[in-house]
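Before any comments, here is the structure.
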Ligand SMILES: [Ca+2]
Ligand SMILES: [Ca+2]
């Protein structure tokens, strides 16, 4: 492969490991691999082996009526299988995927499990689209696949078990826990698990994991962008389902409102994710966003200006691609600052740093600065292999400098020129280990934050 691209913005280099049993040379095999291979075996994900992709009509409980969901037709039956997002399906817990002779689903009530699956399919499909359109990720697992969902858990709970998402009901038995943020949360746990590498079970790692799910749930809600009459975007978790009868479980702009920590250094068991939730809000929205809740700071300057949720999302997402054993708030600070610098530049990196400081994660040794090297117009980069060294060409950065790829999975590195440079650069992939392929594509730089919507001004 020897394509050319002009890197006026930035490009993504994706390295894909082929096969399910032969790890790429230099790549590490993780426990995730066997689980993925099992989940993807024929028949275990509930998907039909063949069928025609359709747009079904759903009567949802949380997302309006009608909603369009992707379904499958096979013979005389329609089913809640999504052939365009492989392995995504929905059925009763320990039962089959829902099927029927018409492609109209649900009755809009909070107690109907078929309706719950309408909401799950809608939310999971939008979550997938958000991953693709905002973050450049190919599916929940990063390799073009999702996971089945089950509804009807007879418990006030919802969870991701490593092979599927499962949804129960609220304490009043009036609603299923299938709102946009709860579904985005559960599939977000899957995305987080399959980003970077295993982060262990340390208290900070668990806290950051919980928060990452909050962020993915919130991103799903913002991507869908429902009007106020429905499940409008916010930085609350569980506000629509009223899980235990006390309203939202998390207020990301002020986690202390539900007993979580606002600040690093005072993590409260069990892991609640409060500090990173708070960081994300401060980065995206700042301390006093018009029409949105104010957010306090724990340290540093009292006023922060947000950079918008899509930029914050991409910085967060690129940061977690560096996740590894012993993941911590300190390492998340460094990783996201590097991500912000590579994706956007100094203003965004400074905003990322300010948000960490504001939740009391202190300055770390080796964190990036903004003294960018002078560009070299004639430079030609040599993109990294997944385990290769970081290129150090003047004016060109590759992030992350290395990554490991599970068999069947992929990783993405970003290649960016210093601001102010626009030049013809030849990308080539060479020295790839056996069983891997490399490809690159150009993606547009994210534009300015979307205009504030009227329904935020309440
Ligand atoms: Ca909402
Ligand atoms: Ca919400």
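The values are calculated or read from the model by the stated rules, or taken from the named source; none is laboratory data. Only a predicted model underlies this, so the values are computations on that prediction, with no experimental measurement involved. Every residue, glycine among them, receives a Cβ derived from its backbone with ideal geometry; neighbour counts consider all protein chains shown.
Side notes on the structure shown:
- Which numbered condition residue 351 fails, given (1) outside any helix (DSSP H, G or I); (2) crowded, with 18+ Cβ neighbours inside 10 Å: (1)
- Residue ranges of strands (runs of 3 or more DSSP E) in region 92-194 with at least 3 members under 21 Å from residue 221 (Cα atoms) and more than 16 Å from ligand 2 (Cβ to nearest atom): 149-151
- Test: residue in region 187-196 that is closer than 24 Å to residue 129 by Cβ, buried (at least 19 other Cβ atoms within 10 Å of the Cβ) and within 12 Å of ligand 1 (Cβ to nearest atom): no
- Breaking point among (1) within 13 Å of ligand 1 (Cβ to nearest atom); (2) farther than 23 Å from residue 90 by Cα, for residue 179: (2)
- Counting residues in region 143-159 that are within 23 Å of residue 279 (Cα to Cα), buried (at least 20 other Cβ atoms within 10 Å of the Cβ) and out of contact with any strand residue (DSSP E or B) (no Cβ under 6 Å at 6 or more places or on another chain) gives zero.
- Test: residue in region 282-304 that is closer than 28 Å to residue 157 by Cβ, surrounded by fewer than 24 Cβ atoms within 10 Å (Cβ to Cβ) and within 16 Å of ligand 1 (Cβ to nearest atom): yes
- Any chance residue 233 is in contact with a helix residue (DSSP H, G or I) (Cβ under 7 Å, 6 or more places away or on another chain), part of a loop (DSSP other than H, G, I, E, B) and within 16 Å of ligand 1 (Cβ to nearest atom): yes
- When residue 243 is tested against the conditions (1) within 12 Å of ligand 1 (Cβ to nearest atom); (2) more than 23 Å from residue 146 (Cα to Cα); (3) surrounded by 23 or more Cβ atoms within 10 Å (Cβ to Cβ), the lone failure is (1).
- Flag: residue 59 matches the condition of being farther than 20 Å from residue 187 by Cβ and in contact (Cβ under 8 Å) with a residue 12 or more places away in the chain.
- Of the numbered criteria (1) away from ligand 2 (no atom under 16 Å from the Cβ); (2) within 22 Å of the chain's Cα centre (by Cα); (3) not in a helix (DSSP H, G or I), the one residue 290 fails is (2).
- Taking (1) farther than 15 Å from residue 130 by Cβ; (2) more than 9 Å from ligand 2 (Cβ to nearest atom); (3) touching a strand residue (DSSP E or B) at 6+ places or on another chain (Cβ under 9 Å); (4) touching a residue at least 40 places away in the same chain (Cβ under 8 Å) in turn, residue 202 satisfies each apart from (3).
- Residue selected from region 44-76 under the condition under 27 Å from the mean Cα position of the chain (by Cα), closer than 13 Å to residue 89 by Cα and modelled with pLDDT under 95, by the criterion surrounded by the most Cβ atoms within 10 Å (Cβ to Cβ): 47
- A single member of 131, 180, 88 is over 15 Å from the mean Cα position of the chain (by Cα) and buried (at least 22 other Cβ atoms within 10 Å of the Cβ), and it is 88.
- Looking across region 218-249, not a single residue is free of Cβ contacts under 8 Å to residues at least 12 places away in the same chain and within 18 Å of residue 280 (Cβ to Cβ).
- Members of region 234-267 found to be touching a strand residue (DSSP E or B) at 6+ places or on another chain (Cβ under 8 Å), under 23 Å from residue 172 (Cα atoms) and near ligand 2 (Cβ under 9 Å from one of its atoms), listed by number: 236, 237, 238, 248, 250
- Residue 222 vs. criteria at pLDDT 95 or above, touching a helix residue (DSSP H, G or I) at 6+ places or on another chain (Cβ under 7 Å), within 16 Å of ligand 1 (Cβ to nearest atom) and at negative phi: yes
- Qualifying residue in region 231-238 (condition: buried (at least 23 other Cβ atoms within 10 Å of the Cβ) and farther than 23 Å from residue 317 by Cβ): no
- Residue 217 being in contact with a helix residue (DSSP H, G or I) (Cβ under 9 Å, 6 or more places away or on another chain), away from ligand 2 (no atom under 16 Å from the Cβ) and more than 19 Å from residue 67 (Cα to Cα): no
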